[in-house]
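Reviewing the structure listed below.
The values are calculated or read from the model by the stated rules, or taken from the named source; none is laboratory data. Just so we're clear, the structure is a prediction, and the values are computed from it rather than from any experiment. Using ideal geometry, Cβ is built from the backbone for each residue, glycine included, and neighbour counts are taken over all protein chains shown.
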């Protein structure tokens, strides 16, 4: 089971250059752990993509397919809920690293869930977040 960053979940739902390696990771271990804001963050990103899409993407139902895949994943993923521990870790992360609040909360949720980050894997495509995850002891994939 891996912790998935919202940026990776979004790319898992749409077809793009980075989708294939993410789908391979998902197929190899379909267990997904996320922070509590992932559904909202991903839903917002997919809605934004649908609003700016023109041409065949808008007509062929790709946005609907992406939203359905997100709903499918939501039914089975594990969400790390807000807690004092997650908030404390996120506070340390924003003081120590150049992270925005959502990034810090996601990484804090991952660190809280894993407890032993040396053994933990985080699927993340955001390069800044991946770099900080590695500094914090996680294996950042892909």
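Residues considered: 96, 28. Of these, the only one that is closer than 15 Å to residue 132 by Cβ and more than 15 Å from the chain's Cα centre (by Cα) is 96. Tell me, which helices (runs of 4 or more DSSP H) wholly within segment 24-142 include 3 or more residues that are closer than 15 Å to residue 7 by Cα? So the answer is 38-52, 62-76, 101-114, 127-135. For residue 82, state whether it is surrounded by fewer than 16 Cβ atoms within 10 Å (Cβ to Cβ) and modelled with pLDDT of 95 or more. So residue 82 fits the description; yes. Restricted to segment 99-129, and to residues there that are free of Cβ contacts under 8 Å to residues at least 12 places away in the same chain and under 15 Å from the mean Cα position of the chain (by Cα), the residue that is nearest to residue 10 (Cα to Cα) is 127.
Results for (1) in contact with a strand residue (DSSP E or B) (Cβ under 7 Å, 6 or more places away or on another chain); (2) at pLDDT 85 or above; (3) surrounded by fewer than 18 Cβ atoms within 10 Å (Cβ to Cβ), shown as yes or no for each residue.
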site	(1), (2), (3)
17	no, no, yes
27	no, yes, yes
45	no, yes, no
54	no, no, yes
59	no, no, yes
63	no, no, no
69	no, yes, yes
